[in-house]
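Take a look at the structure set out below.
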Amino acid sequence: MSKANRTIISVVGKDTVGIIARVCTYLSNNQINVLDISQTILSGFFTMMMIVDLSGSDKAFEEVQKELTQIGEEIGVDIKCQREEIFEMMHRV
Amino acid sequence: MINIFEVNETNKMVEEQNLDVRTITIGISLFDCMDSDIDKLCDNIYRKITTVAADLVKVGKEIEKEYSIPIVNKRISVTPIAMIGSSACKDTGDYVRIAKTLDDAAKAVGVNFLGGYSAIVSKGMTKSDELLIRSIPEAMASTEYVCSSVNVGSTKTGINMDAVRLMGQIIKSTAEATKDNSCMGDAKLVVFCNAPDDNPFMAGAFHGVSEADAIINVGVSGPGVVKRALEKVRGESFEILCETIKKTAFKITRVGQLVAKEASERLGIPFGIIDLSLAPTPAIGDSVAGILEEIGLERAGAPGTTAALALLNDQVKKGGIMASSYVGGLSGAFIPVSEDQGMIDAAKEGALTLEKLEAMTCVCSVGLDMIAIPGDTSAETISGIIADEMAIGMINQKTTAVRLIPVIGKGVGEEVEFGGLLGRAPIMPVNSFGCGDFINRAGRIPAPVHSFKN
């Protein structure tokens with residue numbers, strides 16, 4: 001798999017029922033494969049991170065980014081969609 | 001694989017600590033635009049800039065989105081215009097025409113500053129150099145985006161005191177010419193010693209003669225991130241303090257390296273350098289003075305400031321150098337007074353004086369930067385301040401610069417507002433004893449000896 005298609009989705013906000021379900025449903029509907037997923041509570045906030053692969057999806061990165069932001073607004077959490085390299089660069093020598 | 005805490009740390013740096021990439025600057029050579037006909041020259045310049053930098057803003061925005069990292073400025077630097085106009089320009093008006101062409105080109109591609117309305121006169125001035133310098137007040141008054149710089153000295157050549165004297169007068173005239181706009185012209189005019197060819201930061205950026213046809217240079221930022229990291233090691237030893245700054249500088253610089261690499265690939269223009277800088281903004285928490293306070297000073301300017309700044313600057317370089325494949329430009333912590341809330345407060349409270357700022361410039365990048373002084377300060381006194389700062393650069397083999405704004409009609413205790421990233425500045429007092437007989441001597445200060453160091 002090309003590394004360029006690896007994207008980090010991060011979700012931060014007030015915990016509520018169905019956040020993971022909502023995000024995963026969107027990903028599955030758009031053929032976006034989840035490679036890794038972790039979730040915790042940080043400083044009282046629901047915090048989730050997913051590493052996903054966009055290479056099987058018909059949608060462009062910007063479109064996925066826009067739609068996920070919209071979903072975040074609907075359920076009251078902040079959803080970010082970023083290329084993985086920025087984290088690799090910053091945290092790996 | 002990246003973990004959730006690392007993702008969280010990076011995103012917090014951006015959301016809460018003002019981490020950003022300060023600028024992507026395309027350096028563009030204008031040598032192939034030269035012509036003896038001024039109309040043709042201006043056409044060539046406009047065409048070249050708008051072609052090479054056509055996609056700069058678009059690509060910058062794409063990168064911002066994909067990585068969720070703000071890229072505050074997209075800018076252009078060009079070959080020093082004194083050279084480019086040397087054959088075509090017969091008077092100062094011809095040079096102003098080039099300035100207006102540069103302004104139009106900057107507007108067309110959507111950048112917020114274009115640097116390189118410059119002359120390199122460290123040893124002597126050609127007729128065209130002098131024409132360009134004399135055109136600066138009108139050029140600054142009739143353009144919005146053009147930045148100007150003049151290099152008046154270097155370690156190899158000494159200081160061109162004729163140019164230093166002239167620049168005192170030019171800074172005064174530029175203030176007069178732009179007095180209805182907060183004397184803004186002088187906020188876009190820098191006097192240098194040992195100016196680098198690859199500086200991406202304004203107002204001093206120009207595309208030096210040693211550079212390729214076009215190049216991408218990136219300036220990073222992040223004082224807020226360093227401050228936050230240091231909050232966690234309050235009271236710890238110098239070893240821990242320095243390690244923390246280094247690690248943070250590494251992370252900040254890596255983002256710059258990524259952005260530079262991406263911009264270079266997408267624009268098809270080679271990557272030049274990363275400028276390892278802590279560049280403050282007037283935003284709360286984005287202050288280099290704030291870091292100095294966190295290190296342990298009550299206010300920037302207190303005894304210990306020069307040592308703390310020296311330490312900070314050195315650790316930023318040590319951390320940043322490994323994070324980037326090529327380092328250049330000014331590289332260091334910036335201390336512009338008007339652009340740093342902590343510096344503004346320190347100056348207002350009397351903790352920070354012009355003399356202390358001069359001492360601080362011995363150990364950091366870059367010089368007396370964005371300092372407002374009384375509008376009635378004489379041209380000789382301004383030249384005296386420039387000469388002092390140039391001497392520090394010449395002797396210590398470092399880049400130094402002066403960006404002073406004599407605010408016409410205002411005196412000590414008053415304030416001037418520039419707006420945006422340029423911020424606002426309290427008018428600082430200047431030593432009132434004269435230096436006219438020194439400044440009015442003709443010629444240059446010889447190059448220094450590099451042995452017998454003291």
Task: Members of segment B:1-37 that are aliphatic (A, V, I, L, M), in contact (Cβ under 8 Å) with a residue 24 or more places away in the chain and either touching an Asp or Glu at 6+ places or on another chain (Cβ under 6 Å) or within 14 Å of another protein chain (Cβ to nearest Cβ) (or both) - done: B:M13, B:V14, B:L19, B:V21
Open item on the list: Residues that are farther than 28 Å from B:R22 by Cβ, at least 1 per element: which strands (runs of 3 or more DSSP E) completely within segment B:78-186 meet that?
Closed with: B:158-160
Open item on the list: Quick check on B:V57: is it touching a Gly at 6+ places or on another chain (Cβ under 7 Å), of a type outside the set (K, R) and either farther than 25 Å from B:C147 by Cβ or in contact (Cβ under 8 Å) with a residue 60 or more places away in the chain (or both)?
Closed with: no
Task: Selection within segment B:109-123 - in contact (Cβ under 8 Å) with a residue 40 or more places away in the chain, over 20 Å from B:V59 (Cβ atoms) and of a type outside the set (S, T, N, Q) - done: B:G116, B:I120, B:V121, B:K123
Task: Only one of A:I37, A:I9 that is more than 8 Å from chain B (Cβ to nearest Cβ), closer than 28 Å to B:G256 by Cβ and either under 10 Å from the mean Cα position of the chain (by Cα) or β-branched (V, I, T) (or both) - done: A:I9
Open item on the list: For the list (1) more than 30 Å from A:T40 (Cβ to Cβ); (2) within 13 Å of chain A (Cβ to nearest Cβ), I need the number of the one condition that B:K40 fails.
Closed with: (2)
- [ ] Identify, by number, the condition in (1) surrounded by 22 or more Cβ atoms within 10 Å (Cβ to Cβ); (2) touching a helix residue (DSSP H, G or I) at 6+ places or on another chain (Cβ under 6 Å) that B:Y46 doesn't meet.
- [x] (1)
- [ ] Would you confirm whether any residue within segment B:209-218 is part of a helix (DSSP H, G or I), polar (S, T, N, Q) and either under 23 Å from B:E15 (Cβ atoms) or under 19 Å from the mean Cα position of the chain (by Cα) (or both)?
- [x] no
Open item on the list: Of everything in segment B:296-313, what is under 15 Å from B:T361 (Cβ atoms) and in contact with a Cys (Cβ under 9 Å, 6 or more places away or on another chain)? Give them in sequence order.
Closed with: B:T306, B:L309, B:A310, B:L312, B:N313
Task: Test for B:M202: is it of a type outside the set (K, R) and either assigned to a helix (DSSP H, G or I) or without any contact (Cβ under 8 Å) to a residue 40 or more places away in the chain (or both) - done: no
Open item on the list: Quick check on segment B:269-298: of everything there that is touching a residue at least 40 places away in the same chain (Cβ under 8 Å) and small (G, A, S), which residue is surrounded by the most Cβ atoms within 10 Å (Cβ to Cβ)?
Closed with: B:S277
TODO: Check off (1) in contact (Cβ under 8 Å) with a residue 24 or more places away in the chain; (2) touching a Ser or Thr at 6+ places or on another chain (Cβ under 8 Å); (3) part of a loop (DSSP other than H, G, I, E, B) for B:A302 and give me the number that stays unchecked.
DONE: (2)
Task: Whichever residue in segment B:393-415 is of a type in the set (A, V, I, L, M) and surrounded by fewer than 21 Cβ atoms within 10 Å (Cβ to Cβ) and, among such residues, is nearest to the chain's Cα centre (by Cα) - done: B:I395
Open item on the list: Being surrounded by fewer than 21 Cβ atoms within 10 Å (Cβ to Cβ) and touching a helix residue (DSSP H, G or I) at 6+ places or on another chain (Cβ under 7 Å) is true for just one of B:R254, B:R234, B:R266. Which residue is that?
Closed with: B:R266
TODO: Write out, first by first residue and then by second, each pair whose Cβ atoms fall under 8 Å of each other, whose residues are 6+ apart or on separate chains, and whose first residue, in segment B:318-345, is at positive phi while the second is among the small types (G, A, S) and part of a helix (DSSP H, G or I).
DONE: B:S331/B:G320
Task: Index of the failed condition, A:M48 passing every other in (1) at the interface with chain B (Cβ under 7 Å from one of its Cβ atoms); (2) free of Cβ contacts under 8 Å to residues at least 40 places away in the same chain; (3) buried (at least 20 other Cβ atoms within 10 Å of the Cβ) - done: (1)
- [ ] Identify the residue in segment B:62-80 that is out of contact with any Leu (no Cβ under 6 Å at 6 or more places or on another chain) and of a type in the set (A, V, I, L, M, F, W, C) and, among all such residues, is nearest to B:V152 (Cα to Cα).
- [x] B:V72
Task: First in segment B:143-160 and of a type in the set (D, E), second anywhere and surrounded by fewer than 23 Cβ atoms within 10 Å (Cβ to Cβ) and not in a strand (DSSP E or B), Cβ under 7 Å, 6 or more apart - done: B:E144/B:D103
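Rule-based calculations on the coordinates, nothing more; no lab input. Model, not experiment: these values are computed from the prediction. Cβ sites come from the backbone with ideal geometry, for glycine too, and all protein chains shown count toward neighbours.
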